[in-house]
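Only one structure is covered here, and it is reproduced in the block below.
Just so you know, all these numbers are worked out from the coordinates, no wet-lab data involved. In this text, all values refer to a predicted model and were calculated from it rather than measured experimentally. Quick reminder, even Gly has a Cβ in these numbers, built from the backbone with ideal geometry, and neighbours come from all protein chains shown.
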Amino acid sequence: MLIHVHDVPESALVHVLRAASSPRPGSVTPPLPEVLSRVVNCSTSAAPLRAALRETLRADDLPPILAILSSWLAFWSGLNAPADASGRRTSPPPLDPTLAFAQALLDAHLIVLLQDERSREAARELGEAVATLVRLTDELESLRAPLAALALVPKPVRASKVQGERKSVRQTAHELHMAVGLYTRETFTL
């Protein structure tokens, strides 16, 4: 479907998404999570995508799309794996395109999401999933400095049997310490 086509207009992607979110009786359409996953994975530009979402999707199309996005974000925050209609666990699209699509959808339909009760609840769930991701990202960011220090520690040098190439770990650490250089003191005068 959308796998092998590289340059699909954003309006066509959103029309396919709308057709999957509210299928006509008797039509054969793939499940909404599958179509949404393909749409999210397509490369798009932000402004045309927002315009296409604003022009094409209606208020009653939004709650199921937001629910799927929320389940994907919950998966990426480690809460649970999303399931399809048959109950099988599915793998969601990557986090970055999912967040970009969710942002475009929220930008395009913010007023509608605030006015419609069903959409407001779905948007609240999406907000909770995003808040969980932000909290986890902040926690991981606080580990960056300690882990970066560990990443810079050199691996111990294996003792070689060849004479002259043999260094102890202590000598190597001392040489690395000496390579740091002296601290300089700056003074400011006003």
Handout entry: Full-stretch length increase - LEU114, ARG144 - with 0.36 nm per residue and alpha-carbon distance subtracted
Key = 7.1 nm
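With an 8 Å cut-off on Cα pairs and a minimum separation of 6 or more residues, tell me the relative contact order of region 10-145 in percent. Before the final figure, lay out each step's value.
Numbers: 131 pairs, mean separation 36.6, N = 136.
Averaging sequence separation for qualifying contacts and normalising by length gives 27 percent for region 10-145.
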Practice task
Return the distance in nm (one decimal) between the two label points of a simple spin-label model at ALA12 and SER43, each offset 7 Å from Cα along Cα→Cβ.
Solution key: 1.6 nm
Handout entry: In nm, spacing of pseudo-spin labels at ASP60 and LEU136 (7 Å Cα→C-beta vector)
Key = 3.5 nm
